[in-house]
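Each remark here refers to the structure printed beneath this line.
The values are calculated or read from the model by the stated rules, or taken from the named source; none is laboratory data. Everything numeric here is computed off the predicted structure, so don't read it as measured data. All Cβ positions, even for glycine, are placed from backbone atoms using ideal geometry, and neighbour counts span all protein chains on display. Accessible surface areas use protein heavy atoms only, side chains included; no ligands, DNA or RNA. Shrake-Rupley method; radii C 1.70, N 1.55, O 1.52, S 1.80 Å.
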Amino acid sequence: MLKAISWSARFRHEVCHLWRSPWQLALATWVPLLALLFLYGIFSAAVPRNLPVALVDQDDSGLSRQLARQMQASPAVSLQQFNQLPNAEQAMREGDVFALILIPHGFSRELMTQQQPQLVLHYNGQFLLVGKLLSSALQQGLADALQGVARQQLLAKGVLPIATAANINPIAVQLTPLFNQSSNYLAFLMPPILIALLQISAMLLFANALNEELTPEFTTWVQQAFWPSVSAKMALYLPLALLQGLAMLVFMYHGLGLPLAGDILTLVPALIVMLLFIGLWVLVIFLLLAEPARVVSFCTALFAPAFAFMGITFPVHEMPLAAQWWRLLIPSSHYIDAQVAVVSYGQGLKTVLSQQLSYAVLLVLVPLLFLLLRRRRRPGE
């Protein structure tokens with residue numbers, strides 16, 4: 001039988017258990033820090049440079065060499081000459097190059113005779129950011145070089161030099177990417193990855209703390225000490241997880257100086273709500289399965305797609321319906337909208353609080369929790 005102890009005693013017990021458990025203490029302290037530094041090491045280059053691109057110049061003319069020089073001028077591009085097209089295609093299949101440019105025979109002759117030659121550009125779409133960056137850089141380089149050819153042809157026809165610009169570009173277009181002007185990997189990918197990491201870390205903290213109660217006295221614990229014990233665990237681990245989240249935000253937006261339009265303290269309520277719903281999920285799964293390995297495995301499987309489902313690298317409305325529903329079950333998918341609103345758009349506390357209404361779909365977990373708790377409290381179960 002469990003002895004009746006005060007809430008403060010239960011809290012002290014949780015603190016002692018945390019101190020005596022090397023893995024739990026690591027999750028609460030240095031493991032998230034190590035993961036943060038590891039991710040920073042991966043994305044510290046920030047902007048991709050000198051990405052290998054295969055060039056097959058079958059035309060071998062002054063114009064084709066001019067095109068190559070113009071494309072090589074981009075800091076994102078590192079051209080590699082290939083004599084044969086099959087060799088370049090093989091290099092692209094093996095991942096040695098990220099894009100392939102083919103300038104065919106007769107390209108310059110057809111262009112000068114006002115025909116429409118084809119210049120082939122392939123890029124690896126599996127690497128979303130790399131593909132987008134190379135596609136933009138290569139097309140810009142080709143456009144700049146071909147504008148020179150068009151200008152020469154207009155001058156040869158007697159068009160006044162002052163009028164050539166209007167003929168080539170009748171409408172001047174300026175494209176300015178907002179919120180990530182330099183296509184910075186660090187600013188684009190690291191924040192959502194760290195939120196997904198925080199979610200996993202908090203889940204493991206809550207799950208390990210609850211799994212400690214899976215002893216022969218588990219039924220008695222559920223019947224007599226469930227809420228005091230759970231509240232003591234949350235009182236210890238929720239602030240620790242919140243500190244981890246705030247440390248990540250401070251590191252990114254003040255330590256690394258990533259673009260920040262609002263105030264990160266505005267995100268504190270959103271972080272707390274996210275962590276509460278992570279704890280709610282863990283409680284439900286814990287009462288449902290009541291087996292340490294299964295609890296952790298099920299929680300991990302549920303939260304594993306968090307980064308993909310945030311809508312950062314792929315638009316949410318284009319996801320399959322099943323993925324959209326799964327996204328609604330993951331707390332970080334609701335939180336990330338608040339972070340984008342504050343970081344990119346400078347929204348305030350009112351907007352952040354209103355966005356917490358999106359968690360309403362997860363309130364179904366509350367009656368499910370009480371149903372499972374009632375089932376566990378029945379004698380013989």
(request) Enumerate the helices in the chain for which the Kyte-Doolittle hydropathy averages 1.6 or more and the C-alpha atoms extend at least 24 Å along the helix's axis, using complete DSSP H runs. (result) 185-211, 268-289
(message) I'd like the antiparallel share, as a percent to the nearest 5, of DSSP beta bridges with both residues in the chain.
(response) 30
(request) Using the Cα centre as the reference, give the magnitude of the dipole from point charges on the C-beta atoms of segment 1-143 (Lys, Arg: +1; Asp, Glu: -1; all else neutral), rounded to the nearest 20 debye. (result) 1000
(message) I'd like the carbon and sulfur percentage of the solvent accessible area for the chain, probe radius 1.4 Å, heavy atoms only, ligands and nucleic acids excluded.
(response) 63
(message) Nearest 500 deg cm²/dmol is fine: what mean residue ellipticity at 222 nm does the chain get from its DSSP H runs of n ≥ 4 alone, each adding -39,500 (n - 2.57), divided by its residue count?
(response) -20000 deg cm²/dmol
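Express in nm, to one decimal, how much length is gained between L34 and A73 on full extension, taking 0.36 nm for each residue of separation and deducting their alpha carbon distance. Please list the in-between numbers first.
Numbers: separation 39, 0.36 × 39 = 14.04 nm, distance 3.78 nm.
My answer for the length gained is 10.3 nm.
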(request) Select from V120, V295, V230 the residue whose mean-square fluctuation is largest in a Gaussian network model of the chain (Cα-Cα springs shorter than 10 Å). (result) V120
(message) Given a 10 angstrom Cα cut-off, can you work out which residue in P367, P191, P216 is the most mobile in a GNM of the chain?
(response) P216
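Taking 37 °C and 0.692 mPa s as the conditions, I'd like the Stokes-Einstein D for segment 24-94 in µm²/s, using the Kirkwood hydrodynamic radius from alpha carbon pairs.
On the way: Rh = 15.5 Å.
The diffusion coefficient I find is 212 µm²/s.
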(message) If you wrap a convex hull around the alpha carbons of segment 1-147, what volume per residue comes out, as a whole number of Å³?
(response) 182
(request) Specify, per residue and in Å³, the volume enclosed by the convex hull of the alpha carbon atoms belonging to segment 80-126. (result) 74
(message) Among L34, L302, P320, whose Cα projects farthest towards the positive end of the dipole of the chain, with charges put on the beta-carbon of Lys, Arg (+1) and Asp, Glu (-1)?
(response) L302
(message) Could you give the length gained by full extension between V250 and L353, i.e. 0.36 nm per residue of separation minus their alpha carbon distance, to one decimal place?
(response) 35.0 nm
(request) Using the heavy atoms of the protein chains and a 1.4 angstrom probe, tell me the accessible area per residue for the chain in square angstrom. (result) 52
(message) Which three extents, in angstrom, do the Cα atoms of the chain have along their principal axes, listed largest first?
(response) 99, 45, 37
(request) At a temperature of 4 °C and a viscosity of 1.567 mPa s, determine how fast segment 233-350 diffuses translationally according to Stokes-Einstein, using the Kirkwood radius over alpha-carbon pairs as Rh; express D in µm²/s, rounded to the nearest whole number. (result) 83
(message) Testing the spin-label approximation: label points 7 Å from Cα along Cα→Cβ at I272 and E94. State their distance in nm.
(response) 5.7
(request) Could you tell me which of L267, M112, G279 has its Cα farthest along the dipole of the chain towards the positive end, charges placed at Cβ (Lys, Arg +1; Asp, Glu -1), taken about the Cα centre? (result) G279
